[in-house]
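Questions regarding the structure given below will be posed in turn.
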Amino acid sequence: MSDRPRVGVFVCHCGSNIAGHVDVAAVAEYARSLPGVVFVQRNMYTCSDAGLTEIKTAITDQGLERVVVAACTPRTHEPLFRGACREAGMNPYLFEFVNIRDQCSWVHMREPQAATRKAQDLVRMGVAKACLLQPLEEQEVPVEPAALVVGGGMIGMTAALNLANRGFDVKLVEREPELGGLLLRLDKLYPTQDDALPLVEARIAEVRRNPRIEGFTDSMLNEVKGFVGNYEVVVKDHEGRLSSFTVGAIIVATGARVFIPEGLYGYDGQRVITQLELEKRFKEREIDADRVVMIQCVGARIPERPYCSRICCTTAIKNALEIKAHRPSAEVYILYRDTETQGTRYEAYYTRAREAGIQFIRYSPERPPEVSAKRVVVYDELLGAKLGIPYDLVVLSTPLVACDGASELAQMLKVPVDEHGFFLEAHVKLRPLDFATDGVFVAGTARWPSHLEETITQAYGAAARAATILSKDHVTSSGVVAWVNEYLCRGCGACVEVCEFGASSLVQVSPGVEVARVNPVMCKGCGACASVCPTGAMTAMHFTDAQVTAMVRAALSSESMS
Amino acid sequence: MRDVLVVGGGIAGIQASLDLAEMGIQVHLVERLPSIGGRMAQLDKTFPTNDCSTCILSPKMNDCARHPNITLHTYAEVTALAGSAGDFTATVHEHPRYVDEAKCTGCGECAQKCPTKVPDAFDMGLRQRKAIYLYFPQAIPQVMTIDPDHCIYLQRGKCGVCIKTCQAEAIDFEQTAREVTLRVGAVVVSVGFDFFDPRGLTQFGYERCPNVITALEYERLISASGPTGGHLLRPSDGQPARQIGFIQCVGSRDVRYQAFCSSVCCMHSSKQAVLACEHDPEATSYVFYADFRASGKGFREYVARAEREYGVHYVRSRVARVTEDEANNPVIHYEDADTSRPARRAVDLAVLATSLIPRPDTARLAQVLGIEVDSNGFVKTEPLTPVDTTRPGVFAAGCCRGPSDIPESVVQASAAAARAASWLVD
């Protein structure tokens, strides 16, 4: 075929890493026989300066229109080779990587002949694809250097202040009439036993003073459109007034709420109360109980709510110590399943509680405590005996649960929540504060029950993650994105449903006619949309049907089996 | 805008560097060892998703190496930090690798020919490496390092096989240490942790019984890239280990050693127990624990699955001692907390969940950096300023400030990046 582009193939020895198990000379010789290939070179290390220079020289001198490198892995080296092509004036998407180290020499170490044949097969497929590669363009979109923080508790305020102090404008939206969140309702903080209120008040004052932070209290998000760098937000206040603005990044810091134990352990809000209600009594100095029994895991670690809420053991210890501080003669019992007091600070806190004379009694869920009018009866797992403890006050430690409206907010932001209604991060290990949707982040108990120390850390962390976007003038899309042929699209919306990143949407092009459009900045090029599209209107660029079919044909073509 | 110095190239240092670099800030990442990657590089899989540790870490290491705003100083140490927040002068001592980083491609041919074998620290001494070595296969930078204590040429002036082998002409025995002076606005300390040496706790039988190993040794054994290619074989006889006992709190929650809880062991032991069963459906795992701590996201569900799907036995107990029967099987003697009676169980392999402790050089480094350590020897921080050290402009992230799991370390790293960035005003 005369219109076949001029392909250059570079085969890497990688010292002995590839050449030790694959006959590199045979692979190179074979490549020379493939249709379209006009130039073949072997390199000791294609990635070395010498190797990269050879690629660039060949592009110029040999008039190469496509470059194929058969080497280690695109995971580490594709950006390097694409860069070399770009420097030689070639569109970097006209480069194709063939992995003959991971997929040949490493996995077939003991079968050098088979490894060599497989390398030849892969090179044949790579060349077949390369002939059909198309130049692709990357798009740049400007970034609005401002952030939206949803939730005006300690976490939202801390994140907002960090960003504002670095010169970014921040819009802080709080549902309640006041900033401060759950901390306003707490008496003390653990493990220091400091008062909660001065801390919150100081932070609120700092926010109010900061000229870069605009607070919207008594307000809710009404609408969020757009994408990373350019989110268009509409906020609605309690009187229905709307405000609109554009931000580059969004931090979700909406917190959680405390589970109300209706119907459990005789909860009545009087003699059987929650830890949060106990904090209220502390604040109002209305605590006069000589015998207090606290029950842990009330409504937690049960089949319908199997998780541990992380903060309840330390909360119980805090409040037990507070009772002891007010009334040293008081007897305080904590009935627990496992003491969740990890790390250096909280294990020491647990020790301090035991030294203060607080009694810890382990119960098992098979034999839970029973609360009668006068006594709590519990089977002590360590003693192996039933104990009856008379009480003045029973305090139930209940878990944090997802805040009301979390799922509506998640829908508006196109981010997921987990089975418990907590926001679900992009990767539980290495992207704990990111959503899969670029430019949206999460911090605090909206994500998972966390200690105050941890939520403050997350607030700073989310601010850093947001700043990585806000610090840039532009966000750049990859060239490898999905593309819609609007003549073939019938607007069924299958691509919109399947897209994890919210990149595909339907737009009306004429009355009654909708077609899909892909936002290249949001698209990750995963191809999920292309595979569900019933009409073939959606194409995953760089992995087009024609390109992949050519590879499959090449893989199956017997004439080239060497 | 001033640069930032990040000390320690594990996952915390990597994340802090990437966040700062993506904010447009120049970062100097200093790592004591020949490669970044830290402890996470030594792990096989990670809880609660069982993601392959290297597979998720390696792209981040590569991002660090490639980032135009990050300068790597591997095999190097910080020796001084003068000045004050916003305007520090740091001195970095770079050890000679005796290999030209610009020329070496990490192909490893020199190591194949090198005649000297040394226990491989990355693999916990469970296999040998050569005197010239790549720290681990995915090391960043991908360059060889010559171990000056074991290289025959450096010790006795002869050999030089590597010089003859290296086609890139990268071997350079004339290389000397370098002092680099860096002006930085802020510092992030992320030097990580060490594991408590269980030899002092003789009752657990480490060293006395060949089939008693530590949790990190177990990670290397079960790793596909480890010394046994991922087969869980007993050190004493190379036979597959099918009954495995995991002993928790070895050195932790014990006032004579570490009063604190090491935070991550309940979960990493659960993961290890699950992995044993995944590798070998006939394997049975027992976890001997005091309080089971699993309050992180998805942790309780993971433990429930370990019990239900993999039949992991969780035994609430206190282990008194480990003895050995005639077949080298460790015998775990314990008090069963459910029956309050002594009991014992013979296993093929016993794995000790040893405490996470400060690195032995943390105190010295703290002195160099002018920061305080807490009563446990970790870098001192306060609950309401969790990543601030006692010296303004110096921040801490990861296990050097106390035991933390991977996501916690990553969050702390991002937080330290945010705090550090606020000191970089022009």
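The values are calculated or read from the model by the stated rules, or taken from the named source; none is laboratory data. As the structure is a computational prediction, the values presented were derived from the model and not from experiment. Cβ coordinates were reconstructed from backbone atoms using ideal geometry, including for glycine residues, and neighbour counts include every protein chain displayed.
Counting just the residues of the range B:375-384 that are surrounded by fewer than 24 Cβ atoms within 10 Å (Cβ to Cβ) and more than 8 Å from chain A (Cβ to nearest Cβ), which one comes out nearest to A:Ser450 (Cα to Cα)?
So the residue we want is B:Glu382.
So which residues in the range A:297-326 are within 12 Å of another protein chain (Cβ to nearest Cβ) and in a loop (DSSP other than H, G, I, E, B), if there are any at all?
A:Cys297, A:Ala300, A:Arg301, A:Pro303, A:Pro306, A:Tyr307, A:Cys308, A:Ser309, A:Arg310, A:Ile311
To keep it simple, each residue is scored yes or no on (1) more than 14 Å from chain B (Cβ to nearest Cβ); (2) surrounded by fewer than 21 Cβ atoms within 10 Å (Cβ to Cβ); (3) touching an Asp or Glu at 6+ places or on another chain (Cβ under 9 Å); (4) hydrophobic (A, V, I, L, M, F, W, C).
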| site | (1), (2), (3), (4) |
| --- | --- |
| A:Lys386 | yes, yes, yes, no |
| A:Ile389 | yes, yes, yes, yes |
| A:Thr398 | yes, no, no, no |
| A:Asp404 | yes, yes, no, no |
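For the range B:299-318, how many residues meet the condition of being surrounded by 18 or more Cβ atoms within 10 Å (Cβ to Cβ) and either under 21 Å from A:Ile361 (Cα atoms) or at the interface with another protein chain (Cβ under 10 Å from one of its Cβ atoms) (or both)?
7
For the subset of the range A:161-191 comprising residues that are away from every other protein chain (no Cβ under 12 Å) and farther than 30 Å from A:Arg285 by Cβ, which member is surrounded by the fewest Cβ atoms within 10 Å (Cβ to Cβ)?
A:Asp169
A:Val127 passes all but one of (1) within 28 Å of the chain's Cα centre (by Cα); (2) of a type outside the set (Gly, Ala, Ser); (3) part of a helix (DSSP H, G or I); which number fails?
If we test A:Val127 against (1) within 28 Å of the chain's Cα centre (by Cα); (2) of a type outside the set (Gly, Ala, Ser); (3) part of a helix (DSSP H, G or I), just (1) comes out false.
Does B:Gln258 satisfy the condition of being buried (at least 19 other Cβ atoms within 10 Å of the Cβ) and of a type in the set (S, T, N, Q)?
Spelling it out, B:Gln258 is indeed buried (at least 19 other Cβ atoms within 10 Å of the Cβ) and of a type in the set (S, T, N, Q).
Also, quick follow-up: Looking only at the range B:319-362, count how many residues are within 27 Å of A:Tyr363 (Cβ to Cβ) and not in a strand (DSSP E or B).
Total satisfying the criteria: 4.
Regarding A:Ala462, is this residue within 14 Å of another protein chain (Cβ to nearest Cβ), touching a residue at least 12 places away in the same chain (Cβ under 8 Å) and closer than 19 Å to A:Pro416 by Cα?
It is true that A:Ala462 is within 14 Å of another protein chain (Cβ to nearest Cβ), touching a residue at least 12 places away in the same chain (Cβ under 8 Å) and closer than 19 Å to A:Pro416 by Cα.
Looking at B:Arg391, B:Arg419, can you tell me which residue is within 26 Å of A:Leu189 (Cα to Cα) and touching a strand residue (DSSP E or B) at 6+ places or on another chain (Cβ under 7 Å)?
B:Arg419
Another question, then. I'm trying to understand the selection: among the residues of the range B:19-65, which are in a strand (DSSP E or B) and at pLDDT 90 or above?
B:Val27, B:His28, B:Leu29, B:Val30, B:Glu31, B:Ile36, B:Lys45, B:Thr46
Inspect all residues belonging to the range A:422-431 and state whether any of them is within 14 Å of another protein chain (Cβ to nearest Cβ), touching a Pro at 6+ places or on another chain (Cβ under 9 Å), within 28 Å of A:Ser477 (Cα to Cα) and β-branched (Val, Ile, Thr).
So far as the range A:422-431 goes, yes, one or more of its residues are within 14 Å of another protein chain (Cβ to nearest Cβ), touching a Pro at 6+ places or on another chain (Cβ under 9 Å), within 28 Å of A:Ser477 (Cα to Cα) and β-branched (Val, Ile, Thr).
Within the range A:4-37, how many residues are over 20 Å from A:Ser557 (Cβ atoms) and acidic (Asp, Glu)?
Total satisfying the criteria: 1.
Results for (1) free of Cβ contacts under 8 Å to residues at least 24 places away in the same chain; (2) over 26 Å from B:Asp361 (Cα atoms), shown as yes or no for each residue.
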| residue | (1), (2) |
| --- | --- |
| B:Thr79 | no, no |
| B:Val92 | no, no |
| B:Lys103 | no, yes |
| B:Lys113 | no, yes |
| B:Lys117 | yes, yes |
| B:Met124 | no, no |
| B:Pro137 | no, yes |
| B:His150 | no, no |
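Can you tell me which residue is nearest to A:Thr344 (Cα to Cα) among those in the range B:394-426 that are surrounded by fewer than 24 Cβ atoms within 10 Å (Cβ to Cβ) and more than 7 Å from chain A (Cβ to nearest Cβ)?
B:Asp405
Same structure, new question: For the range A:132-186, name all the residues that are of a type in the set (D, E, K, R) and within 24 Å of A:Ala410 (Cα to Cα).
A:Glu144, A:Asp169, A:Lys171, A:Glu174, A:Arg175, A:Glu176, A:Glu178
Name the strands (runs of 3 or more DSSP E) wholly inside the range A:134-252 in which the number of residues that are of a type in the set (Phe, Trp, Tyr) and either free of Cβ contacts under 8 Å to residues at least 24 places away in the same chain or over 28 Å from A:Ser407 (Cβ atoms) (or both) is 2 or more.
none
Still on this structure: When you go through (1) away from chain A (no Cβ under 14 Å); (2) closer than 22 Å to A:Ser48 by Cβ; (3) part of a loop (DSSP other than H, G, I, E, B) one by one for B:Pro68, which number turns out not to apply?
In the conditions (1) away from chain A (no Cβ under 14 Å); (2) closer than 22 Å to A:Ser48 by Cβ; (3) part of a loop (DSSP other than H, G, I, E, B), B:Pro68 misses (1) alone.
For A:Val417, which of the numbered conditions (1) without any contact (Cβ under 8 Å) to a residue 12 or more places away in the chain; (2) of a type outside the set (Ser, Thr, Tyr); (3) assigned by TED's automatic domain parsing to the domain that holds A:Val233 fails to hold?
(1)
Every residue, every condition in (1) over 36 Å from the mean Cα position of the chain (by Cα); (2) buried (at least 20 other Cβ atoms within 10 Å of the Cβ); (3) closer than 22 Å to B:Cys265 by Cα, yes or no:
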position: A:Ile295; (1), (2), (3): no, yes, no
position: A:Ile302; (1), (2), (3): no, no, no
position: A:Pro306; (1), (2), (3): no, no, yes
position: A:Ala316; (1), (2), (3): no, yes, no
position: A:His326; (1), (2), (3): yes, no, no
position: A:Val332; (1), (2), (3): yes, yes, no
position: A:Tyr336; (1), (2), (3): no, yes, yes
position: A:Arg345; (1), (2), (3): no, yes, yes
position: A:Thr351; (1), (2), (3): no, no, yes
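Shifting gears a bit: List the number of the failed condition for B:Arg391; all other conditions in (1) farther than 13 Å from B:Val7 by Cα; (2) crowded, with 21+ Cβ neighbours inside 10 Å hold.
Result: B:Arg391 fails condition (2) only.
So how many residues does the range B:380-422 have that are of a type in the set (Ser, Thr, Tyr), assigned to a loop (DSSP other than H, G, I, E, B) and at pLDDT 95 or above?
Residues that pass the stated criteria total 4.
Could you grab me the full set of residues in the range B:237-279 that are without any contact (Cβ under 8 Å) to a residue 12 or more places away in the chain and more than 13 Å from chain A (Cβ to nearest Cβ)?
Passing the criteria: B:Gly238, B:Arg256.
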